[in-house]
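Chemist: Here it is, the structure, as structure tokens.
The values are calculated or read from the model by the stated rules, or taken from the named source; none is laboratory data. Since we're looking at a predicted model, the values are computed, not measured. FYI the Cβ positions are ideal-geometry reconstructions off the backbone, even for glycines, and counts take in every protein chain you see. Accessible surface is based on the protein model in full, side chains and every heavy atom, while ligands, DNA and RNA are left aside. Shrake-Rupley method; radii C 1.70, N 1.55, O 1.52, S 1.80 Å.
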Amino acid sequence: MNLCKRLTLTRVVIAVVILTSIFANIQRKMWTWEDRIIQWDVKSYYAYLPAAFIHGDLSLEFTKADPDKYIKNYWPGTAPNGAKVVVTSMGMAFLYLPFFFIAHVWALLGGYEADGYSLPYLVMMQFSVLPYLLLGLVLLRRILLKHFSEIASALALAGVGLGTNLFHYSNTEGAMSHGFSFALFAALLYLTIKWWAKPTLRKTVLVGLLSGLIVLIRPTNIVVLLVFGFYGITTFKGIGERILFFIKRWKYVLVIGLCALLVWAPQLVYWKWLTGDWFYYSYGDDAKFFWSNPQFLSGLFSYRKGWFVYTPIMVFAIIGLVQTFRKHREYFTPITLFLVANLYVVFSWWNWWYGGGFGQRALIESYAILAFPLTAFIDAGVSSGKLWKRIATVTTILLFTAQGLFMNIQYYSGVIHWDSMTKEAYWKSFFRSTKHPNLDRYLQRLDYELARKGIYIPEKKPSTIVANAAVCDMETIDATGTQFLSIDGLLELHNAKQQTSRYSRSGNHSVEVNSNTPFALNHRISVKPGDQLEFEIWRHSKSSREAALIISAQDANNFYKKTDRKISSEGDWDQLVYTLVVPKDYPDSLLVVYVWSPKRETAYFDDYSVKRMTADQYDESN
């Protein structure tokens with residue numbers, strides 16, 4: 001009987017959310033995929049742990065002993081004094097730490113390589129988000145049940161846990177920061193309510209430590225402190241009273257600040273030790289905010305990454321602010337201020353779509369706060385005296401949750417592209433369970449180089465037609481300074497900013513790939529089945545021998561060829577050649593040709609050419 005009483009609807013929903021993510025992890029087995037767990041941002045978040053606890057060297061000097069081995073897993077930036085610095089701050093490393101230690105023991109006892117990157121580490125990293133997610137959902141449940149019915153709270157928890165992109169970042173890309181930060185936001189909201197009910201030293205210390213960790217993980221998340229500062233204010237007069245409160249209770253403010261600083265201390269010491277500065281901005285001068293040009297409309301409504309397009313259930317959280325104002329005004333001011341400030345900060349970043357990912361991933365942690373107005377909206381419907389309104393509310397939330405979960409599956413399956421969706425691509429993919437065969441032709445990428453200047457226009461699509469032959473000697477650059485031009489001026493190849501005069505086979509320049517930019521050129525060629533082509537490029541002999549010429553479809557899973565084997569040499573330059581007959585079942589209208597340094601070692605390429613061949617020429621070359 002006691003068990004039945006404890007088995008409430010909200011608890012069942014939380015169990016379903018966690019078990020669904022566990023099932024997705026087991027079914028997808030991401031740890032068997034190359035570079036799919038500790039990848040991109042996670043490489044930097046995680047790098048502190050193996051560097052500190054396995055190599056005992058946070059300066060990353062150990063990577064110089066065997067660059068071929070380490071360059072794949074460590075992507076440091078270079079400070080002005082030449083020091084190698086992990087690009088991201090170390091907040092996520094704190095949260096990974098217990099799972100890292102479990103994995104390390106597993107590796108030592110299980111006969112795996114205890115290097116931080118073998119199977120035990122990958123498995124533990126993949127599942128590491130789930131205990132934090134569980135904690136966040138449990139705390140959120142306690143908050144909601146104090147104000148709303150069981151069914152309204154359960155529907156909201158299901159909507160947030162399954163019907164938003166939080167689900168994707170709870171399993172497939174679970175090592176990213178968003179699921180962790182969601183839990184921390186929920187904890188801060190819970191502590192905020194407790195603190196304002198009765199401030200104590202213990203609660204004040206916890207608020208300070210938690211605030212410091214939230215900001216250390218993602219500095220822009222400092223805006224969530226508006227929730228703590230403005231909680232309970234219901235009038236304009238209350239704002240002045242709140243300021244006076246903090247002035248009179250300055251000791252509370254001091255304790256919060258000191259505890260937050262304590263969390264930041266290791267990071268500040270690390271920066272000071274390596275760079276000579278207490279604060280160090282590692283993202284470079286061209287990664288910045290454009291405060292006077294926030295992309296609200298694109299961020300909320302665009303087919304590329306619109307929040308309401310790919311997380312439509314959050315529309316009801318915004319509508320629910322009205323009900324929050326009417327019945328729960330102590331929450332209205334902090335949530336509204338946080339929402340506006342957060343949207344402004346998130347959409348002012350130069351890369352407002354946040355690169356590759358599902359939906360507006362930078363907003364995921366905010367769902368812990370927005371769950372309150374979402375539940376307020378739901379509760380108003382399910383508490384209505386009108387049966388049709390109760391049925392309509394429950395049906396609507398369940399449908400939007402199901403649709404959100406389906407879109408998560410679509411993204412995992414490649415139906416939704418990570419950064420190049422358009423109106424045509426969206427509707428071609430609508431409710432498809434498999435990728436549209438012609439999806440690639442409807443995609444449109446934004447120009448990343450111009451975006452760094454605050455200019456948001458589609459990437460210029462150069463001519464993809466190669467009549468007989470085309471040659472690019474890396475000498476001529478277009479007016480934007482971002483594209484190489486072929487000798488005849490008709491074709492454009494990417495990454496002209498990587499032009500270098502250090503080595504050249506012809507003329508005065510070549511193109512460099514390195515640890516920061518391991519790809520270059522990205523030449524797209526129109527083809528049809530049966531076309532016969534020969535690709536040639538020259539690689540400097542002092543380059544990494546694994547630096548390769550790649551020929552693939554736009555989706556490399558459908559077609560991928562690679563050559564790093566030299567055919568002949570001329571002085572200090574090695575010739576790479578690949579001849580190809582486009583297969584009869586080739587699924588695309590374009591080939592993508594680029595150079596790549598898979599271990600992110602420095603390499604130099606020059607004199608790229610492609611020519612169409614007759615059948616006789618192809619037979620002779622083979």
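Chemist: Calculate for the chain the 222 nm mean residue ellipticity that helices alone would give, adding -39,500 (n - 2.57) per DSSP H run of length 4 or more and normalising by residue count, nearest 500 deg cm²/dmol.
Modeler: Numbers: 23 runs with 286 residues, N = 622.
Estimated from H runs of four or more residues: -14500 deg cm²/dmol.
Chemist: Which lysines, if any, have their Cα less than 21 Å from the Cα of residue 64, not counting same-chain residues under 8 positions apart?
Modeler: Result set, ordered by chain and number: 43, 72, 84, 542, 599.
Chemist: Quick one: net charge of residue 324's neighbours, Cβ under 13 Å, K/R +1, D/E -1?
Modeler: With Lys, Arg at +1 and Asp, Glu at -1, the net is +1.
Chemist: Given the peptides 596-602, 159-165, 294-300, 390-396, arrange them by the average over their residues of other C-beta atoms within 10 Å, most packed first. The partial results should precede the final answer.
Modeler: Details: 596-602: 19.6, 159-165: 27.4, 294-300: 17.4, 390-396: 15.3.
Answer by packing, highest mean first, reads 159-165, 596-602, 294-300, 390-396.
Chemist: According to the square roots a ≥ b ≥ c of the eigenvalues of the Cα gyration tensor, what is the shape class of segment 278-331, taking rounded for a/c under 1.5, prolate for a/b larger than b/c otherwise, and oblate for the remainder? It would help to have the intermediate numbers written out before the result.
Modeler: Numbers: a/c = 3.14, a/b = 1.67, b/c = 1.88.
Note, shape of segment 278-331 comes out oblate.
Chemist: Enumerate the residues in segment 400-417 having an amide nitrogen under 14 Å from the point lying 7 Å beyond the Cα of residue 557 toward its Cβ.
Modeler: Within reach of a label on residue 557, which here means backbone N under 14 Å from a point 7 Å along Cα→Cβ, segment 400-417 contributes 408-417.
Chemist: Right, next: Multiplying the sequence separation of residue 506 and residue 430 by 0.36 nm and subtracting their Cα-Cα distance, what value in nm do you get? Working shown, then result.
Modeler: Numbers: separation 76, 0.36 × 76 = 27.36 nm, distance 4.96 nm.
Taking 0.36 nm per residue and subtracting the Cα distance, the gain is 22.4 nm.
Chemist: Cα-Cα pairs above 44 Å in the chain: how many percent?
Modeler: Details: 50605 of 193131 pairs.
Cα-Cα pairs of the chain separated by over 44 Å account for 26 percent.
Chemist: Still on this structure, I have one more. If I model a spin label at residue 285 and residue 487 as a point 7 Å from the Cα along the Cα→Cβ vector, what separation in nanometres do I get?
Modeler: 3.6
Chemist: Set the Förster radius R0 to 25 Å, insert the Cβ-Cβ distance between residue 517 and residue 476 as r into 1/(1 + (r/R0)^6), and round the FRET efficiency to 0.05.
Modeler: Details: r = 20 Å, r/R0 = 0.80.
So, using R0 = 25 Å, E works out to roughly 0.80.
Chemist: Same structure, new question: Just add up the charged neighbours of residue 41: K/R +1, D/E -1, any other residue whose Cβ is under 12 Å from the Cβ of residue 41.
Modeler: Working: positive: 43, 218, 361; negative: 173.
Local net charge: +2.
Chemist: Given charges of +1 on the Cβ of Lys and Arg and -1 on the Cβ of Asp and Glu, with all other atoms neutral, how large is the dipole of the chain about its Cα centre, in debye to the nearest 20?
Modeler: Values: 62 positive and 47 negative charges, 792 e Å.
That gives the chain a dipole magnitude of about 3800 debye.
Chemist: May I pose another question? Relative contact order for the chain: what percent, with Cα pairs under 8 Å and sequence separation of 6 or more?
Modeler: On the way: 1090 pairs, mean separation 72.1, N = 622.
Computed value for the chain: 12 percent relative contact order.
Chemist: Kindly list the residues of segment 60-97 that lie in the label zone of residue 222, defined by a backbone N under 15 Å from the point 7 Å along the Cα-to-C-beta vector.
Modeler: 89
Chemist: Using a 1.4 angstrom probe, figure out how much accessible area the chain has per residue, in square angstrom, rounded to the nearest whole. Could the numbers behind the result be given before it?
Modeler: Values: 27650 Å² over 622 residues.
Averaged over the residues of the chain, the accessible area is 44 Å².
Chemist: What FRET efficiency would be calculated for the residue pair residue 268, residue 59, taking the C-beta separation as r and a Förster radius of 25 Å, to the nearest 0.05?
Modeler: 0.95
Chemist: At a 1.4 Å probe, what is the % contribution of carbon and sulfur to the accessible area of segment 229-348? Spell out each step's value before the answer.
Modeler: Details: 4590 of 6520 Å².
The computed percentage sits at 70.
Chemist: While we're looking at this one, here's another question. Per-residue counts of other Cβ atoms within 10 Å, averaged by peptide: what ranking do you get for 122-128, 9-15, 553-559, 470-476, highest first? Show your work: numbers first, answer last.
Modeler: Values: 122-128: 21.6, 9-15: 17.9, 553-559: 15.6, 470-476: 20.0.
Final packing ranking: 122-128, 470-476, 9-15, 553-559.
Chemist: Going by a ≥ b ≥ c, the root eigenvalues of the Cα gyration tensor, does segment 81-134 fall in the rounded group (a/c under 1.5), the prolate group (a/b larger than b/c) or the oblate group?
Modeler: Working: a/c = 2.90, a/b = 1.28, b/c = 2.27.
Verdict is oblate for segment 81-134.
Chemist: Next up: Checking the a/c ratio against 1.5 first, then a/b against b/c, what shape does the Cα gyration tensor give for segment 320-420? Could you put the intermediate results ahead of the total?
Modeler: On the way: a/c = 3.94, a/b = 1.31, b/c = 3.01.
Verdict is oblate for segment 320-420.
Chemist: Roughly how many debye, to the nearest 20, is the charge dipole of segment 127-243 about its Cα centre, given +1 on each Lys and Arg Cβ, -1 on each Asp and Glu Cβ, and no other charges? Display every interim value, and only then the final one.
Modeler: Working: 10 positive and 3 negative charges, 96 e Å.
It comes to approximately 460 debye.
Chemist: Cross-link candidates for residue 203: which lysines have Cα within less than 25 Å, leaving aside residues fewer than 8 places away along the same chain?
Modeler: Cross-link targets: 146, 194, 248, 251.
Chemist: Let me ask something else. Please report the relative contact order for segment 31-144, taking Cα pairs under 8 Å with a sequence separation of at least 6, and give it as a percent rounded to a whole number. Each step should come with its number before you reach the end.
Modeler: Numbers: 102 pairs, mean separation 31.0, N = 114.
Averaging sequence separation for qualifying contacts and normalising by length gives 27 percent for segment 31-144.
Chemist: Another question, if that's okay. Probe radius 1.4 Å, ligands and nucleic acids ignored: give me the carbon and sulfur share of the accessible area of segment 358-457 as a rounded percent. The partial results should precede the final answer.
Modeler: Numbers: 2640 of 4320 Å².
It is 61 percent, rounded to a whole number.
Chemist: Over segment 460-568, calculate the relative contact order: mean separation of alpha carbon pairs under 8 Å at least 6 apart, over the residue count, as a percent.
Modeler: Numbers: 140 pairs, mean separation 18.8, N = 109.
It comes to 17 percent, rounded to a whole number.
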